[in-house]
Amino acid sequence: MPDCDCKAPVLWCDDIELFTVIIMDQIDINGDGYNVYDIIATQIDEDHAVFLHEFCDANQDGTVNKCEMFDCLVILENKYRTEKCGKDFGDLYCVNPFLEICCKDAWNCDDIEREVEAEFDAYNTDGDAKIDLNDDMHIEILEIYGHCDTDYNGTISKCELFECIVQW
């Protein structure tokens, strides 16, 4: 193993979030993601500019946003860990705190829980904690959610609906 002090140099998810904000504050002049305009305005050297776009611009739209930068830094950290500390040290897995930038319409678990509650408030009219034919609704609604009945008992529980929405 090469000269390796893995206690000090490794980063953690909070560090990567902080570095993402610091880096983007420095290179994204107008807040629309790091792009050609920012290269000129910040006078970043060509090697770093090319690296950022080739390695961090995940969707290849010519702009690196905070979401992409965070993911890029996690990848770089894991590459560093493997090179300096060996495969046994382990990779870092982080939930990207900037996901709403990458996918504005993506739902998180809280969003899905709210949707499940709203669906149950709307369709579980008899209050029995399941959506079924006893509820006062159109048969089309049950047909829409029919594939959510994973235990095939003719009813849809909150748990089944949650899992079903996650799969959508």
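The values are calculated or read from the model by the stated rules, or taken from the named source; none is laboratory data. This is a predicted model, so every value here is computed, not measured. All Cβ positions, glycine included, derive from the backbone under ideal geometry; neighbour counts span all protein chains shown.
Within the range 55-83, the set of residues being assigned to a loop (DSSP other than H, G, I, E, B) and either β-branched (Val, Ile, Thr) or crowded, with 19+ Cβ neighbours inside 10 Å (or both) comprises ASP57, THR63, ASN65. Considering only residues in the range 42-54 that are of a type outside the set (Ser, Thr, Tyr) and surrounded by 12 or more Cβ atoms within 10 Å (Cβ to Cβ), the one that is nearest to ILE29 (Cα to Cα) turns out to be ILE44.
Just to verify a result, which residue in the range 24-41, among those that are assigned to a helix (DSSP H, G or I) and surrounded by fewer than 17 Cβ atoms within 10 Å (Cβ to Cβ), is modelled with the lowest pLDDT? Only one residue tops the list, namely ILE40. Taken over the range 1-23, the criterion of being in contact with a strand residue (DSSP E or B) (Cβ under 9 Å, 6 or more places away or on another chain) and modelled with pLDDT of 90 or more is satisfied by no residue.
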